[in-house]
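One structure is given here, and the rest of the page talks about it.
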Amino acid sequence: MKLLWTTDLHLLNPGVLHSTGVDPEIRLRRCIDDMLSNHGDAKRLVITGDLIQLRNTAAYSVLANILADVRMPVRLLVGNHDDRVALSEVFPDAQLHEGFLQDVEEVDGHQLIYLDTLADGKHSGQLSPQRLAWLDKTLASADGPALLFMHHPPTNVGIPALDKLRLSDGDTELADILRRHRNRQPYLFCGHLHRNVSGIWRGTPYTVMTTPHLGIALRMEQQPLVKVDENPGYGVILCDKDGVVVHTQSLTKDAAV
Ligand SMILES: [Fe+2]
């Protein structure tokens, strides 16, 4: 099974220019074009949140326009910049369940779980008791590998400015749930960091995917976030009976502004 994956689009309202001059729409279109040219056989395109820049809710229509040519099903998650209600008004398939944008589906023997880690009014992430209970029940409801997509990674990565923005509310409970369902071989796919990071968090493997837009610098001293104009990129995930493979397709900035 092949899945396409992108994250942290930070699209702007029509007519709004990014302060750096780097256009998130152009960068995303470049990634989508490359995906469709090379990976049209993927079963899903998953976008793990921060679809828009904070309060730029008209940008959901920009995203709908960009995705109009994508023939495979698209799964949208929320991040700390998103607005659940505004998103669901533009995308009929992205409906709230129990007030959250979380969902699950079975694809080729794999359970794909889409989590909602948005904490209202905060940039750090949250899995509330209600969402954790849903996850626990969902993991108990199937067999086979479980692929969990979520905006906020629960782990520290050694970059202080990012570590304080991680999933910090519900992280201990999440680790307990994943431990109880170890037989499901859970794998976490996260965004939010604007960097490629992978590792093991309390026994569960994870990957954080870079963004089509601006990256965040690898600065391990205490300081504010530093944005860097790196190459746009997206992920290609392969899953079979042997396990999970995650590729990053990095594109040049040529012709992309
Ligand atoms: Fe984020």
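Bear in mind that the values in this text are calculations on the coordinates, not laboratory data. Only a predicted model underlies this, so the values are computations on that prediction, with no experimental measurement involved. Methodologically, a virtual Cβ is constructed for each residue, glycine included, from the backbone with ideal geometry; neighbour enumeration extends over all protein chains shown.
Which shape class applies to the stretch 1-101: rounded if a/c is under 1.5, otherwise prolate when a/b exceeds b/c and oblate if not, where a ≥ b ≥ c are the square roots of the Cα gyration tensor eigenvalues?
oblate
May I ask you to work out the translational diffusion coefficient for the stretch 212-251 at 25 °C, viscosity 0.890 mPa s, via Stokes-Einstein with Rh from the Kirkwood sum over Cα pairs, reported in whole µm²/s?
197
Please report, for the Cα atoms of the stretch 167-245, the Rg to one decimal and the Dmax as a whole number; what are they, in angstrom?
14.9, 43
Let's see if you can work this out: charge +1 on each Lys and Arg Cβ, -1 on each Asp and Glu Cβ, no other charges. What is the dipole magnitude of the stretch 2-250 about its Cα centre, in debye to the nearest 20?
So the dipole magnitude of the stretch 2-250 works out to roughly 420 debye.
Kindly provide the trypsin sites (Lys or Arg not before Pro) of the stretch 64-112 that DSSP labels as loop, not H, G, I, E or B, and whose Cβ sees at most 10 other Cβ atoms within 10 Å.
For trypsin sites (Lys or Arg not before Pro) across the stretch 64-112 that sit outside H, G, I, E and B with at most 10 neighbouring Cβ atoms in 10 Å, the list reads Arg71.
Using only DSSP helix segments of four residues or longer, with each worth -39500 (n - 2.57), what per-residue ellipticity at 222 nm results for the chain after dividing by its residue count and rounding to 500?
Estimated from H runs of four or more residues: -6000 deg cm²/dmol.
Looking at the chain, I'd like the Rg to Rh ratio, where Rg is from alpha-carbon atoms and Rh is Kirkwood's inverse mean 1/r.
My calculation puts Rg/Rh at 0.93.
Taking the Cα-to-Cβ direction at Met220 and at Arg29 and moving 7 Å from each Cα, how far apart do the two end points lie in nm?
4.0
Residue farthest toward the positive end of the dipole of the stretch 76-117, with Cβ of Lys/Arg at +1 and Asp/Glu at -1: which of Ala86, Gly109, His97?
Farthest towards the positive end: Ala86.
Within 10 Å, count the other beta carbons around each residue, average over each peptide in 140-148, 182-190, and list them highest first.
Answer by packing, highest mean first, reads 182-190, 140-148.
So what's the stretch 61-131 giving for Cα Rg divided by 2.2 N^0.38 Å, two decimals?
Ratio of Rg to 2.2 N^0.38 Å for the stretch 61-131: 1.18.
Comparing Ala161, Ala68, Ala42, which has the greatest mean-square fluctuation in the GNM of the chain with Cα pairs linked when under 10 Å apart?
Comparing Ala161, Ala68, Ala42 in a Gaussian network model of the chain, the most mobile one is Ala68.
Report the extension gain between Asn231 and Ser198 in nm, rounded to one decimal, defined as 0.36 nm multiplied by the number of residues separating them, less their alpha carbon distance.
Full extension from Asn231 to Ser198 adds 10.0 nm.
Using 0.36 nm per residue of separation minus the Cα-Cα distance, give me the extension gain between Asn38 and Asp93 in nm, one decimal.
Gain in length upon complete extension: 17.3 nm.
Give me the Debye-computed log₁₀ of I(q)/I(0) at q = 0.29 Å⁻¹ for the stretch 165-212, equal point scatterers on Cα only, no solvent, two decimals.
Once normalised to I(0) and log-transformed, intensities are -1.15.
What order do you get for 18-26, 117-125 when each peptide is scored by the mean count of other beta carbon atoms within 10 Å, highest first?
In decreasing order of mean packing, 18-26, 117-125 become 117-125, 18-26.
Based only on Cα atoms, what mean projected area does the convex hull of the stretch 111-257 have, in nm²?
9.5
Exceeding 18 Å between C-alpha atoms, which entries from my cross-link table qualify? They are Lys122/Lys164; Lys137/Lys164; Lys43/Lys137.
Too far apart for the 18 Å limit: Lys137/Lys164; Lys43/Lys137.
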